[in-house]
Amino acid sequence: MLVLGIESSCDETAAAIVADGAKILSSVVASQIPTHEKYGGVVPELASREHLRKIAPVVEEACQRARVGIRDVEGIAVTEGPGLVGSLLVGLVYGKALALALGKPLVGVNHLEGHIHAVLLENKTARLAGNPVEEAVLPCVALVVSGGHTGLFLVEEGRHPANSHPVFNYKRLGHTRDDAAGEAFDKVAKLLALGYPGGPIIDQLAGWGDPQAVDFGRIKMKGNPLDFSFSGLKTAVLYHVRGTSLALEAEQRRAWRKTSQGASLDELRNRCSRQTLDLIASFQNAAVRDLIERTVAAAEAAQVDTIFVSGGVASNSLLRARFLQASKAQGFRLFFPSPALSTDNAAMIAAAGYYKLKAGQLADATLTAHASFPLGT
Ligand code: KG4
Ligand code: ZN
């Protein structure tokens, strides 16, 4: 079954064609980074306008790259939430109109469910290609960690009572009470005038600093120990900078960045003092440690030995390396999508949508966008 996936929940306009929820024939992502870069964050109104400009050419390109005519598509999957409503509506209405015009079935997909399916999709693709990778088998605990979300889910596979097709059940184990982890990376990068989006920049610069230089301590949570909170860590970085030479250095970097667009990472690093690099490394270390400890605790509490990690922050190199160490030391199976499938894309939406199409969980004309759209019970 050929499924067209459409994703527009934040600042990427994406379309993909996926066969049988297992083989990516094309995955096109039009990034809006240049549009939002100068504001240091996503500007919702600009994002919607960009989506409007890009949606038709991106869908067309996905079909061309897959060598598939739009009429060959057998189902359409669109992200219905959570995200920016104006952004979501562009992809959703486009998908709805296509489905209506072509007489194809339509399904709505939760963006977080898409991130979890990125792991299953990547695993299936690798196995189909004959790569000797271990099969990703459910149940698992999934950490979805991105710029908009940080949550832990217990994911189980069941069967649809009427047609026995696979259906997925999600139980929310914990979520962030304030900032998402990626948001904290982006805000710390903004504070230190490092550029946008901050996550990948901090990831690369942190390698030059001492992760033990600043002791941020453990993030304490009252109530559910599987919840997250990153705003305190972000504020701790702010207090570390405010009124010190690091603040002055950041201002100088900000002025330099305005006149040096397209500067290389080495040039940026040369404008960071040892203390700044140490602070960056220590912040990343604290965030990564917290993400891993709570995820492993969730897997232990749920008594599962498989962990999925997905979302933009899953491409963080320290997070990957430390998770891998922990999985070897503690004996759980660990699955990450490749960086291209970790950040927002439409292949993951098509993959999640495939199972809904098969199980007949179709959307009707009332399908609409939801800014807040919790996954699971
Ligand atoms: O999944 P995604 O593309 O969009 C959302 O659903 O939010 O994630 C984007 C987020 C941004 O906050 C970005 O800074 C972060 O993922 N990110 C990273 C890395 N690559 C992307 N954070 C830390 N390290 C990275 N290598
Ligand atoms: Zn995402």
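The values are calculated or read from the model by the stated rules, or taken from the named source; none is laboratory data. None of these values were measured; they are calculated from a predicted model. Here the Cβ is made from the backbone with ideal geometry for all residues, glycine too, and neighbour counts use every protein chain on show. Heads up: the accessible areas ignore ligands, DNA and RNA and are worked out on the full protein's heavy atoms, side chains in. Shrake-Rupley method; radii C 1.70, N 1.55, O 1.52, S 1.80 Å.
Run the quick spin-label model on E300 and S338: label points 7 Å from Cα toward the beta carbon, then report their separation in nm to one decimal.
3.5 nm
With a 10 Å radius around each residue's Cβ, average the other Cβ atoms per peptide and rank 142-148, 366-372, 80-86, 154-160, highest first.
142-148, 80-86, 154-160, 366-372
Compute the distance from the alpha-carbon center of the range 101-152 to that of the range 329-358, in whole Å.
The range 101-152 and the range 329-358 have Cα centres separated by 3 Å.
Please work out the average accessible area per residue across the range 166-237, using the 1.4 Å probe convention, and give it in Å².
Spelled out: the 1.4 Å probe surface of the range 166-237, per residue, equals 44 Å².
Please give the solvent-accessible surface of R177 in Å², to the nearest 10, using a probe radius of 1.4 Å with every protein chain present.
110 Å²
Please give the charge dipole size of the chain, origin at the Cα centre, charges +1 on K and R Cβ atoms and -1 on D and E Cβ atoms. Round to the nearest 20 debye.
260 debye
Cα axis of helix 111-128 to longest principal axis of the chain: angle in degrees, 0 to 90, nearest 10?
Rounded to the nearest ten degrees, it is 70.
Between R177 and V137, what is 0.36 nm times their sequence separation minus the Cα-Cα distance? Round to one decimal in nm.
This chain segment gains 11.4 nm when fully extended.
Using 7 Å Cα-to-Cβ label points, what is the S231/Q204 separation (nm, one decimal)?
Distance between the two pseudo-spin positions: 3.1 nm.
Just to confirm the number: angle between the C-alpha axis of helix 274-302 and the first principal axis of the chain, 0 to 90 degrees, nearest 10?
40 degrees
If one computes the Cα centroid of the range 4-40 and of the range 164-201, what distance in Å separates the two points?
Spelled out, the Cα-based centre of one part sits 17 Å from the other.
Does anyone have the angle between helix 181-191 and the longest principal axis of the chain? Alpha-carbon axes, 0 to 90°, nearest 10?
Orientation of helix 181-191: about 40 degrees from the principal axis.
Please compute the modelled spin-label separation between A126 and R242, points set 7 Å along Cα→Cβ, answer in nm with one decimal.
The two pseudo-label positions are separated by 4.4 nm.
Tell me, what is the FRET efficiency for E60 and K23 to the nearest 0.05, using R0 = 25 angstrom and their Cβ-Cβ distance as r? The partial results should precede the final answer.
Details: r = 21 Å, r/R0 = 0.82.
Efficiency computed from Cβ-Cβ geometry: 0.75.
Past 28 Å, Cα to Cα, is the threshold; run K38/K234; K124/K220; K171/K328 against it and keep the listed order.
Working: K38/K234 21 Å; K124/K220 38 Å; K171/K328 26 Å.
The answer is K124/K220.
Using the heavy atoms of the protein chains and a 1.4 angstrom probe, tell me the accessible area per residue for the range 39-136 in square angstrom.
45 Å²
Could you please state how large a percent of the accessible area of the chain is carbon and sulfur, counting protein chains only and using a 1.4 Å probe?
Details: 8660 of 16360 Å².
Heavy-atom surface of the chain belonging to carbon and sulfur, 1.4 Å probe: 53 percent.
Length gain on complete extension for the stretch R71 to L52, per 0.36 nm per residue less the alpha carbon to alpha carbon distance?
4.6 nm
Percent relative contact order of the range 303-377, based on C-alpha pairs within less than 8 angstrom and at least six residues apart?
31 percent
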